[in-house]
Every structure is written in structure tokens, then in C-alpha cells.
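Working notes, beginning with the structure itself.
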Amino acid sequence: MTYRSHMDAALAEARAAAARGEVPVGAVVVAPDGRIVARAGNRTRELADPTAHAEILALRAACAAAGSERLPGYRLYVTLEPCPMCAAAISQARIARLYYGAADPKSGGVAQGPRIFAHPQSHHVPEIYDGIGAEAAAALLKDFFAGRRD
């Protein structure tokens, strides 16, 4: 199978989240055969749920579709470096590869802050590829928060 980035689909979910007034983060889960099986954008405000991050919602939908709490061989594309909560969920789901866009120095949990996958308590460590679509993802976030400050 040839590598194909699905970050454009994650960016579309991030734009949709921004249109709903949510922080523009999007995620898609890709099955081993290359099909997108779940997609989501942040919905924390809409659902009044602090766990309704794009990654969590996409993982829940993918697990439901697969009929399993584990997704070995699956890939997750997310526009922003996952926070510690999402990184732990990615580990629990046994995601094979994580692709993310913009780094998150304030709240990230992969390359920043607690670096969840570096802990011995992390049950599974996915292959990690950062910087995929980072400029577009960072621009979405910057524009969103600039609009909130005006």
C-alpha cells in the first residue's frame, strides 16, 4: 500500500469545528486498507463535555465501527498535537501510527509537556509523524483565536 496523507480530511473537520464555534481541531481514523472509518472535530462546547476532543470522538466512532476497543493497524490523523488525555486514549486504542499537524507547546502531550508515550506506563507507543499540514493547522488556530480577541 502506498502512503497517502489524510490530513486534508482532518483539516476539513477542523474548519467545520471552527464554524460551530469550537476550537478548530479535526481528526480522522484510517483503517489498514486506507479507508477513512471515522472523522470528527472538537465538540466540547456543543456537548458540554470536556472529553469531546476530536481525537476522542473519532476513536469512539472507529471503535464502534470495528466492534472493538482496540484498533491495531489503524492510523490517526489530527491537526494539532494531542493533549495528554488524547495521547493516553491513542495508546489504549493501540493506534499504529499517529500523524499530527501543529505542535502544541501549551497543552500538547506527545512532544511537549508530559510526553505520554515516553512513560513506562504507556501500554502502547504508536509510530509518530509530526508536522503534517502544520502550517495550515496553525493558521486555522491562529485565525480562530485572533477572532476571539477582537
Go through segment 14-120 and name the trypsin sites (Lys or Arg not before Pro) that are in a DSSP coil and have 14 or fewer other Cβ atoms within 10 Å of their Cβ.
20, 35, 70, 106, 115
HN-Hα J couplings of segment 45-51 from phi, Karplus 6.51/-1.76/1.60, θ = phi - 60°, integer Hz, Gly and Pro as x?
6, 4, 8, 6, 9, x, 8
On the protein heavy atoms, probe 1.4 angstrom, tell me the percent of accessible surface of the chain carried by carbon and sulfur.
53
Taking θ as phi - 60°, what are the ³J(HN,Hα) couplings along segment 32-39 by the Karplus curve (6.51, -1.76, 1.60), each to the nearest whole Hz, with x for Gly and Pro?
x, 7, x, 7, 6, 9, 7, 8
Excluding ligands and nucleic acids, what accessible area in Å² is computed for residue 13 using a 1.4 Å probe, to the nearest 10?
40
Between residue 12 and residue 96, what is 0.36 nm times their sequence separation minus the Cα-Cα distance? Round to one decimal in nm.
28.0 nm
Classify segment 69-150: rounded, prolate or oblate, from the alpha-carbon gyration tensor (a ≥ b ≥ c, eigenvalue square roots; a/c under 1.5 rounded; otherwise prolate if a/b is larger than b/c)?
prolate
Under Stokes-Einstein, with the Kirkwood radius over Cα pairs standing in for Rh, what whole-number D in µm²/s applies to the chain at 4 °C and 1.567 mPa s?
86
If a helix is a whole DSSP H run, which ones in the chain reach 15 Å or further along their own axis (Cα) and hold a mean Kyte-Doolittle hydropathy of at least -0.5?
7-19, 54-66, 134-149
For residue 104 the rounded accessible area (nearest 10 Å², probe 1.4 Å, non-protein molecules ignored) is 30
Say we join alpha carbon atoms closer than 10 Å with springs in a Gaussian network model of the chain; which of 129, 74, 99 then has the biggest fluctuation?
129
If amide H atoms are modeled at 1.01 Å from N in the peptide plane, then the residues at a separation of 5 or more from residue 94, or on another chain, having amide H under 5 Å from its own are 71
For the chain, what proportion of DSSP beta bridges, expressed in % and rounded to the nearest 5, is antiparallel?
50
Shape call for segment 89-130 from the C-alpha gyration tensor, a ≥ b ≥ c root eigenvalues: rounded (a/c under 1.5), prolate (a/b greater than b/c) or oblate?
oblate
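The values are calculated or read from the model by the stated rules, or taken from the named source; none is laboratory data. Fair warning: this is a prediction, and the values are worked out from it, not measured in the lab. With ideal geometry, Cβ positions are generated from the backbone for all residues, glycine too; neighbour counts draw on all protein chains shown. Protein only, heavy atoms only, side chains kept; ligands, DNA and RNA dropped before computing areas. Shrake-Rupley method; radii C 1.70, N 1.55, O 1.52, S 1.80 Å.
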